[in-house]
Amino acid sequence: MKRLATLTACALAAALGTAHAAPTTYTIDSKHTFAYFSYNHLGLTFQTHGFKKLTGKVVLDQENASGELEVSLDAKSLDTGFADFNSHLQGADFFDTAKFPTITYKSKKFNWVGTSLQTIEGDLTIKGITKPVAFVVNNFVCKPHPMLKKEACGANALAQISRTAFGMNKY
């Protein structure tokens with residue numbers, strides 16, 4: 001049986017511009033954005049771990065139902081809550097962060113139904129291996145940020161991948 005990992009990203013991005021008639025570029029707010037994954041551990045429990053450092057941008061053109069997303073994760077920022085386990089997962093059997101310190105996702109297509117963003121299709125690169133991955137968006141909202149007083153967007157998205165497809169074959 002293939003083990004599956006779930007990668008979820010929750011993004012809050014503050015607008016650099018607020019015009020809706022043209023594409024708007026947002027910088028991902030790393031203090032409000034979380035990239036994490038879950039997996040079934042030995043058939044006993046589901047474990048969830050995440051990456052503490054990430055950067056990226058989103059370009060939205062809601063009028064023309066399009067967009068772009070680029071995210072870069074610092075693979076060495078993997079946090080399981082246990083230093084020894086962090087080292088184990090960052091080793092050659094799994095993320096091999098010494099050789100591959102960055103995980104990236106670059107979208108190819110945003111899929112909208114009306115003004116509702118449904119999925120984001122793109123390429124995920126882990127350990128130098130790039131595979132197509134589609135994220136299902138289960139929450140997407142753009143509105144004025146109450147404290148920043150400018151447009152902000154938030155989203156939750158989920159994808160299911162096989163870790164072995166990215167060269168993580170141990171166990």
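The values are calculated or read from the model by the stated rules, or taken from the named source; none is laboratory data. Not measured: the values here are computed from a predicted model. Here Cβ is always computed from backbone atoms with ideal geometry, including for glycine, and neighbour counts include all displayed protein chains. Keep in mind that these areas ignore ligands, DNA and RNA; they rest on the heavy atoms of the full protein, side chains included. Shrake-Rupley method; radii C 1.70, N 1.55, O 1.52, S 1.80 Å.
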Kindly list the number of the only condition in (1) part of a strand (DSSP E or B); (2) closer than 23 Å to residue 150 by Cβ that fails for residue 132.
(2)
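Could you go through the range 74-84 and let me know if any residue there is among the aromatic types (Phe, Trp, Tyr), more than 20 Å from residue 161 (Cβ to Cβ) and either surrounded by fewer than 18 Cβ atoms within 10 Å (Cβ to Cβ) or at pLDDT below 95 (or both). Before you say what the answer is, go through the steps one by one.
To start, the set of residues in the range 74-84 that are among the aromatic types (Phe, Trp, Tyr) comprises 82.
Now drop any that are not more than 20 Å from residue 161 (Cβ to Cβ), which leaves 82.
With the extra rule that they be either surrounded by fewer than 18 Cβ atoms within 10 Å (Cβ to Cβ) or at pLDDT below 95 (or both), the set shrinks to 82.
Yes, the range 74-84 contains a residue that is among the aromatic types (Phe, Trp, Tyr), more than 20 Å from residue 161 (Cβ to Cβ) and either surrounded by fewer than 18 Cβ atoms within 10 Å (Cβ to Cβ) or at pLDDT below 95 (or both).
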Please go through the range 93-105 and give me each residue that is open to solvent by 70 Å² or more (accessible area, probe 1.4 Å) and either among the aliphatic types (A, V, I, L, M) or touching a helix residue (DSSP H, G or I) at 6+ places or on another chain (Cβ under 6 Å) (or both), ordered by number.
98
Looking at the range 71-105, which of the residues that are of a type in the set (S, T, N, Q) and in a loop (DSSP other than H, G, I, E, B) is farthest from residue 37 (Cα to Cα)?
97
All but one of (1) touching a Pro at 6+ places or on another chain (Cβ under 7 Å); (2) within 21 Å of residue 46 (Cβ to Cβ) hold for residue 59; state the number of the condition that does not hold.
(2)
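Among the residues of the range 1-58, what is the count of those that are among the charged types (D, E, K, R) and modelled with pLDDT under 95? Walk me through how you get there before you give the answer.
At the first step, the residues of the range 1-58 found to be among the charged types (D, E, K, R) are 2-3, 29, 31, 52-53, 57.
Next, only the ones that are modelled with pLDDT under 95 stay: 2-3, 29, 31.
So the count comes out to 4.
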Just the residues that are open to solvent by less than 30 Å² (accessible area, probe 1.4 Å), modelled with pLDDT under 95 and over 15 Å from residue 58 (Cα atoms), please, taken from the range 137-161.
none
State which residue is surrounded by the fewest Cβ atoms within 10 Å (Cβ to Cβ) when the search covers only the range 39-52 and only residues that are farther than 19 Å from residue 155 by Cβ, touching a helix residue (DSSP H, G or I) at 6+ places or on another chain (Cβ under 8 Å) and without any contact (Cβ under 8 Å) to a residue 60 or more places away in the chain.
52
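Within the group 63, 68, which residue is open to solvent by 30 Å² or more (accessible area, probe 1.4 Å) and either modelled with pLDDT of 95 or more or among the hydroxyl-bearing types (Ser, Thr, Tyr) (or both)? Give the steps one after another, and end with the answer.
Working: 63 fails: either modelled with pLDDT of 95 or more or among the hydroxyl-bearing types (Ser, Thr, Tyr) (or both).
Exactly one residue qualifies, and that residue is 68.
What residue, among those in the range 19-36 that are open to solvent by 20 Å² or more (accessible area, probe 1.4 Å) and under 15 Å from the mean Cα position of the chain (by Cα), is farthest from residue 120 (Cα to Cα)? First the steps, then the outcome.
Residues of the range 19-36 that are open to solvent by 20 Å² or more (accessible area, probe 1.4 Å), as a first pass: 19-23, 25, 27, 29-32, 34, 36.
If we keep only those that are under 15 Å from the mean Cα position of the chain (by Cα) too, we end up with 27, 29-32, 34, 36.
Numbers: 27: 17, 29: 19, 30: 20, 31: 22, 32: 20, 34: 17, 36: 17 Å.
Among those residues, the one meeting the criterion is 31.
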Looking for something touching a Phe, Trp or Tyr at 6+ places or on another chain (Cβ under 9 Å), surrounded by 16 or more Cβ atoms within 10 Å (Cβ to Cβ), under 15 Å from residue 58 (Cα atoms) and of a type outside the set (Gly, Ala, Ser) - is there at least one such residue anywhere in the range 121-136?
yes
